[in-house]
Amino acid sequence: MNKNIIFNSTNFSPPPPPKSPTLAIDPMMIKLDELINKLSEVKNHLANLEAKHDKFEQFILEKNCNDEIVTKKINDISNNHKDLKKHVVQQSLYIDRHENLFCKLLIPMFEDLFSFIVAQNYDKRGNPLDADLKCKLNRYLVQMKKAIEGK
């Protein structure tokens with residue numbers, strides 16, 4: 001090959017001018033241009049729809065994940081509520097037992113203790129040391145019994 005050849009565009013003649021300007025006003029070309037423009041608009045519209053669809057899918061996935069979390073928390077709260085109910089019933093039984101213990105054991109014990117204290121409230125000559133002591137102790141017993149009945 002000959003390496004001494006240099007390309008110069010002025011050595012070539014220019015291309016012939018178009019024979020008629022009808023190419024620009026050809027109805028078929030106009031329709032094709034319109035079709036290309038409409039297809040471009042449709043492509044842009046579809047791209048927008050795709051972006052919105054992707055965002056919507058992401059939203060749905062996040063919503064489903066959050067729904068699962070909320071459902072789990074609701075189930076946990078429901079289970080805690082059931083456990084709490086069991087504990088309340090158990091504590092109520094304990095309270096009833098302690099009230100029964102108080103009624104059946106402590107009040108008779110206080111009656112005996114107060115009668116012993118009243119018996120010890122006399123001096124050597126048989127005179128009461130505190131004349132109001134028996135009334136006070138009986139009033140305390142009556143108040144305890146009323147408190148138990150009034151629950």
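Each reported figure results from applying straightforward, stated rules to the coordinates on display, with no laboratory input. Because the structure is predicted, anything quoted here is derived from the model rather than measured. Don't worry about glycine lacking a Cβ; one is built from the backbone with ideal geometry, like all the others, and counts go over all protein chains shown.
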- Value at 222 nm in deg cm²/dmol, rounded to 500, when DSSP H runs of n ≥ 4 in the chain each add -39,500 (n - 2.57): -26000 deg cm²/dmol
- Among all the lysines, which ones have a C-alpha under 19 Å from LYS82's C-alpha, if same-chain residues fewer than 8 places away are not counted? LYS72, LYS73
- Note on the structure: Sites removed, the longest contiguous part of the chain containing no DSSP-loop chymotrypsin sites (Phe, Trp or Tyr not before Pro) with at most 12 other Cβ within 10 Å is 13-151
- Item | Tilt relative to the chain, helix 133-150 - C-alpha long axis, 0 to 90 degrees, to 10 | 40
- Query: Counting only Cα, what are the radius of gyration and maximum Cα-Cα distance Dmax of the chain, in Å?
  - Reply: 52.5, 158
- Treat every Asp and Glu Cβ in the range 56-143 as -1 and every Lys and Arg Cβ as +1, leave all other atoms uncharged, and give the resulting dipole magnitude about the Cα centre to the nearest 20 debye. 480
- Leaving out same-chain residues fewer than 8 places away, which aspartates and glutamates sit with a Cα under 15 Å from that of LYS104? ASP96, ASP112, GLU149
- Task: Mind sorting ILE107, ILE6 by how few other Cβ atoms lie within 10 Å of their own Cβ, fewest first?
- Result: ILE6, ILE107
- Message: Residue by residue through the range 63-79, what is 3J(HN,Hα) from phi via Karplus (6.51 cos²θ - 1.76 cosθ + 1.60, θ = phi - 60°)? Round to whole Hz and write x for glycine and proline.
- Response: 5, 4, 5, 5, 4, 5, 5, 5, 4, 5, 5, 5, 5, 4, 5, 4, 5
- Quick one: if you stick a label point 7 Å off each Cα along the C-beta vector at GLN90 and GLU57, how many nm between them? 5.1
